[in-house]
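Read the figures in this text as sums done on the coordinates, not as results from a lab. In this text, all values refer to a predicted model and were calculated from it rather than measured experimentally. Positions of Cβ are backbone-derived with ideal geometry, glycine not excepted, and every protein chain shown enters the neighbour counts.
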Amino acid sequence: MKKSLTLVLIAAAIGLLMLSGCFPDNKVIYSGPLQVEFNPVSDTQRMSNGTSYEAKIQLIGPHQDTDIVVTFEIDTENSTAVLGEQFELGAFTTVIPANSSFGFIRIDAIPENVTSDRPVLVLRLLGDTTGEVMVARNYSEFELTLRP
């Protein structure tokens with residue numbers, strides 16, 4: 001009984017090994033144009049967690065040998081948070097460093113002006129300064145809700 005169970009297990013293992021060679025190589029290599037996106041596309045910043053937040057920008061495509069300077073803007077139509085009143089931004093550009101996949105936009109909240117109204121900041125990516133890196137259409141905007 002023990003010997004037949006062992007033989008069945010060995011046969012099953014050999015069968016599984018043989019079948020694994022029949023499956024295609026599922027390595028996915030992106031070959032489209034360079035793109036940037038927000039990842040994630042929304043979040044909430046609670047003042048009890050600190051007053052700075054870094055929105056993550058991700059490169060879609062292979063690492064580049066040089067820095068990628070990404071520009072962005074505030075979507076004033078959909079934002080209720082006001083620059084200089086509820087938050088500050090250092091600049092309207094950020095860098096994805098050479099040989100990296102990520103860059104960050106630093107947002108500094110002004111805690112005394114963040115009320116229970118929960119102002120919302122919406123940022124929109126515009127692309128890189130050379131025009132060679134596109135913006136991923138579905139992940140081009142980031143929404144940050146500021147909470148007291």
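Computed from the C-beta positions of residue 48 and residue 132, the FRET efficiency with R₀ = 41 Å rounds to 0.50.
Among the chymotrypsin sites (Phe, Trp or Tyr not before Pro) found in region 27-63, those both in a DSSP coil and sparsely packed, with 10 or fewer other Cβ atoms within 10 Å of their Cβ, are 30. With 0.36 nm allotted per residue and the present C-alpha distance subtracted, the residue 83-residue 116 stretch has 10.1 nm of extension available. Between residue 34 and 134, the built amide H atoms are under 5 Å apart, and every one of these is 5 or more places off in sequence or on another chain. Computed with the Debye formula from one identical point scatterer per Cα of region 35-147, without solvent, the log10 of I(q)/I(0) at q = 0.24 Å⁻¹ comes to -1.31. Taking amide H as placed 1.01 Å from N in the peptide plane, the amide H of residue 79 sits under 5 Å from that of 122, each at least 5 places away or on another chain.
Note on region 23-79: Cα-Cα pairs beyond 13 Å make up 76% of the total pair count. For residue 64, the amide hydrogen comes within under 5 Å of the amide hydrogens of 99, 100, counting only partners 5 or more places away or on other chains and with H modelled in the peptide plane. Sorted ascending by nearby beta carbons within 10 Å, beginning with the fewest, 88, 112 become 112, 88.
What FRET efficiency, computed as 1/(1 + (r/R0)^6) with R0 = 35 Å and r the Cβ-Cβ distance, is obtained for residue 69 and residue 26, rounded to the nearest 0.05? Before the final figure, lay out each step's value.
Values: r = 35 Å, r/R0 = 0.99.
The value I calculate is 0.50.
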